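Working notes, beginning with the structure itself.
None of the figures in this text is laboratory data; all of them are computed from the coordinates on show. What you see is a predicted model, and the numbers here were worked out from it, not measured in a lab. Here the Cβ positions follow ideal geometry from the backbone for every residue, glycine too, while neighbour counts run over all protein chains shown.
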Amino acid sequence: MRLARLVWGGIVVLIGLAIALFISAQAAVGSLANRILSVDEVPAVQVIIVPGASVLPSGQPSDVLRDRLLMANELYAAGKAPKILLSGDHTTDDYDEVNAMRKYLLTLGVAPQDIFLDHAGVDTYDTMYRAAHIFGVKSAIVASQTFHLPRALYIGQALGIDAYGVAVEKQAYAQDEQFALRERFAIVKAYVEVLFGALPEYQGATIDITGDGQVTWDEGL
């Protein structure tokens, strides 16, 4: 009986710690919501960061990703930043978010030299870490959906980026409820990664974000 009580006591403590971690993470990340601004309100920065999202089998950006790119172009055209950093998953030959993003922005008239590609932005933490440590980003606007922005900004701020967000939604998405639920747990993951100073899956040589973005391309126009 005494062993059973100890086991149950341990379980209760673990559950309590998990709940405390969950609440602390939501509060810490949620506090960055005040840095989500409109296109007119957001200050000029060094670079616009576009986190990756799914690409269709046709090679076209999904609705979620297209809205991020459209907002990045709007911010760029408004003079909010001279460079755009496209960060997504291109760690295998058969899946390529960043070149799909690049091609779409080129059709919108963004100058090739102003488009940088981060081929190893496999998740939001890696995107923001590599922006800070590989590309030397000091200030940025993140163009993403409202549910995602506080987490991206929390990570960016923790890594030394003066980060703002602009929400990109131009429509409702079929998976809105799933996105919101998944984000709750992604927030906890990000909170722990920041707490313990996690390293990204991939690192690499530094790249000057003020230079010519085409040095990061792996294929032509």
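Structure values in brief
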| quantity | calculated |
| --- | --- |
| Built amide H within the under 5 Å cut-off of residue 36, gap 5+ | 165 |
| Between 0 and 90°, nearest 10: helix 2-30 axis offset from the chain longest Cα axis | 30 degrees |
| Fewest-first ranking of 71, 128, 101, using other Cβ atoms within 10 Å as the exposure measure | 71, 101, 128 |
| Folded to 0 to 90 degrees: helix 176-196 orientation relative to the chain principal axis, Cα | 80 degrees |
| Residue order, fewest to most beta carbons within 10 Å, for 103, 80 | 103, 80 |
| The chain, Rg to Rh (Cα coordinates; Rh as Kirkwood inverse mean 1/r) | 1.04 |
| Sorted by Cβ neighbour density within 10 Å, fewest at the top, the residues 216, 92 | 92, 216 |
| Amide hydrogen neighbours beyond the local backbone of residue 83, cut-off 5 Å, H modeled | 48 |
| Compactness index (Cα Rg / 2.2 N^0.38 Å), region 125-221 | 1.20 |
| By average C-beta atoms within 10 angstrom, highest first, the peptides 148-159, 35-46 | 148-159, 35-46 |
| Global geometry of region 60-119, whether rounded, prolate or oblate, following the gyration tensor of its Cα atoms and the 1.5 cut on a/c | prolate |
| In the chain, lysine pairs with alpha-carbon atoms under 20 angstrom apart (chain gap of 8 or more, or interchain) | 4 |
| Residue 123 long-range amide H proximity, modeled H, under 5 Å | none |
| Between 0 and 90°, nearest 10: helix 149-158 axis offset from the chain longest Cα axis | 90 degrees |
| Student exercise, the chain dipole from Lys, Arg, Asp, Glu Cβ charges, in Debye to nearest 20 | 920 debye |
| Mean-position separation - Cα centroids, region 160-206 and region 21-42, in angstrom | 12 Å |
